[in-house]
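As structure tokens, the structure follows; a few thoughts come after it.
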Amino acid sequence: MNTAFLPEAFLNEMKELLGDEYKDYLASFEQQPRSGLRANGLKISGSRLTQLLPWNLTPVPWAEGSYYYDSSELRPALHPAYSAGLFYLQEPSAMAPAAVLPVEPGQRVLDLCAAPGGKSTQLAARLKGKGLLVSNDISSSRARGLLKNLELAGASNICVTAEEPAKLARKWTGWFDRILVDAPCSGEGMFRREPDMVKDWMAKGPSFYAPIQREILLQAARMLRPGGLLLYSTCTFSPLEDEGSVIELLKKVPELCLVPLDPDLVPRSMDSPVLPGTLRLFPHRLEGEGHFLAMVRKNGQESSEEHLTAGMEGETQDFPGTPCRDAQALDFLSRIPAFAGQTQRLRVIEKEEKRGKPGGRASSKQAVARSSGEVYLLPEEMPSWKSLRFLRTGLHAGSLKEGRFEPSQALAMTLDPEAAPHILNLDWTDQRILRYLKGETLPLTHEEGDFSGWVLVLAGGFPLGWARGNGGTLKNKYYPGWRRQ
């Protein structure tokens, strides 16, 4: 690729930043950008995925269960395993931030600039269904795509919001154990992969994005509990946006301290000469695009509970909504082991796609909630939701329609097949898989017999979605918004 499209001001910056490596950086534009996929740890291990997929995959060294593939030969999204949520397509360097941030099951984690969802699905897998992941994007349209990717991954302990960081910080002061800020940036690290980003750089550039990043970081720091960790990342090379934003944050929030990152966390990354302990990823050094990583810790001993109370003055501390006792929903969900003991907490709240008025934090076990005919399994604990714009609180379990309960696509993606009323397990080579993903009615073989009621359709043992038995055929209940054309 010719580098003549790169702005002179950008090239001068890179010369100063890279020194003797500048020529190697320019030479990297002659190489094809690498593509990656990451096994969804909620459903499958990386080793098992490589056995399943008939492709030549090589490991990405900084992200467990992640692999390079040849995008000139393969279209992985067409494989049924993608529709089963077994892997996520992600630029290899973009896998680094969520891999570097130490996350343990049971923690409260915030992905503040989360769309399209690659890092959120990565964090959800690290939580292993325990604790809470809040994924936020200021854009409602982007947040809807984020929600789809989380549901496809089978993440259940989630909340998805579309709010400004400052508004979240007023509600959730000192509440999160871990926060990831993959901030909007000038995109210099993506110029090789997406040359059109140069146009945005010329129109705006680092001076436009740096103030935005610094404001986001300040609000993120407010939401971090004492002892908590915040990982800041960008896909740009600009010192103004990268080290400059971190240095400014440390000046303004003295209770924060830099946590040095070992370059071995991302093999062949560069320890930043501008701010040692932060990492720079360059396409001439490793098989991926440009990225920057920095981590800070909040000092102090005050508990997150005290911070939370301070941020929620005057608000109730209970589950959203009021009890709901729909017999069909209770009957269906009570047969699922994960719902055992939770159905007595069925709740009625406003429809989640609109601005809601649920109450504050829930401190007890998971609960099932009904929202304008929609049934939700709430997370074990939730921060305050009053006056916030949210798209999802917990797992959407299903809908109540004309006196009957219909299980949701999201529920199908989280289920152990053994918990389903009935299953139809199709071999990966069965042509009916594609018919199902297109929304068509499925014929049944004589050996498969007849089904009555709800059937979980599987591919190779992994859920794709629901169908409803109708004698020798299955009526397709795959979510219309996900169907292939």
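DSSP loop (so not H, G, I, E, B), at most 14 other Cβ within 10 Å: list which GluC sites (Glu not before Pro) in segment 190-257 pass both filters. Let's see the in-between values first.
Details: sites: 215, 241, 243, 248, 255; in loops: 241, 255.
Counting only loop positions with at most 14 other Cβ atoms within 10 Å, the GluC sites (Glu not before Pro) in segment 190-257 are 255.
To the nearest 20 debye, what charge dipole does segment 415-482 have about its Cα centre, counting +1 at the Cβ of each Lys and Arg and -1 at the Cβ of each Asp and Glu? Write out the running numbers ahead of the final one.
Details: 6 positive and 8 negative charges, 79 e Å.
Using only the charged Cβ atoms, the result is roughly 380 debye.
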Helix by helix, which DSSP H runs in the chain go 24 Å or more along their axis at the Cα atoms and have an average Kyte-Doolittle hydropathy of -0.5 or more? 206-223
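Take the Cβ-Cβ distance between residue 402 and residue 448 as r, set R0 to 35 Å, and report the resulting FRET efficiency rounded to the nearest 0.05. Can you show the working numbers first?
Working: r = 29 Å, r/R0 = 0.83.
Efficiency at R0 = 35 Å is approximately 0.75.
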Using the number of other C-beta atoms within 10 angstrom as an exposure proxy, rank 289, 91, 402 with the fewest first. 402, 91, 289
If amide H atoms are modeled at 1.01 Å from N in the peptide plane, then the residues at a separation of 5 or more from residue 424, or on another chain, having amide H under 5 Å from its own are 456, 457, 458
The Cα extents of the chain along the principal axes, largest first and rounded to whole Å, are 71, 58, 36
Spin-label proximity, residue 212 to segment 137-152 - amide N less than 20 Å from point 7 Å beyond Cα toward beta carbon: 137-147
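Report the relative contact order of segment 380-485, percent, no decimals, based on alpha-carbon pairs under 8 angstrom and at least 6 residues apart.
Values: 171 pairs, mean separation 25.4, N = 106.
Value for segment 380-485: 24 percent.
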With a Förster radius of 41 Å, plug the Cβ-Cβ distance of residue 470 and residue 104 into 1/(1 + (r/R0)^6) and report the FRET value to the nearest 0.05. 0.35
Estimated FRET transfer efficiency when R0 is 22 angstrom, pair residue 484-residue 429 (beta carbons, to 0.05): 0.80
Run the simple label-point estimate for residue 166 and residue 387 please: 7 Å along Cα→C-beta, distance reported in nm. 1.4
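Using every Cα-Cα pair within segment 415-482, state what percent have a distance larger than 18 Å. List each step's numbers first, then the result.
Numbers: 622 of 2278 pairs.
So the portion of pairs separated by more than 18 Å is 27 percent.
Pull out the extension gain between residue 23 and residue 2, defined as 0.36 nm times the separation in residues minus the alpha carbon to alpha carbon distance; nm, one decimal. Walk me through the numbers before you get to the answer.
On the way: separation 21, 0.36 × 21 = 7.56 nm, distance 1.34 nm.
Net length gain for the segment: 6.2 nm.
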Can you tell me which lysines have their Cα less than 30 Å from the Cα of residue 130? Leave out same-chain residues fewer than eight positions away. 43, 119, 148, 167, 171, 298, 351, 354, 357, 365, 386, 477
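Among the GluC sites (Glu not before Pro) in segment 408-466, which ones are in a DSSP loop with at most 11 other Cβ atoms within 10 Å of the Cβ? Mind listing them? Walk me through the numbers on the way to the answer.
On the way: sites: 418, 440, 447, 448; in loops: 440, 447, 448.
Sites meeting the loop and neighbour criteria: 447.
Quick note: the coordinates plus some simple rules give every number you see, no bench work behind them. Keep in mind that this is a model prediction, so the values were computed, not measured. FYI the Cβ positions are ideal-geometry reconstructions off the backbone, even for glycines, and counts take in every protein chain you see.
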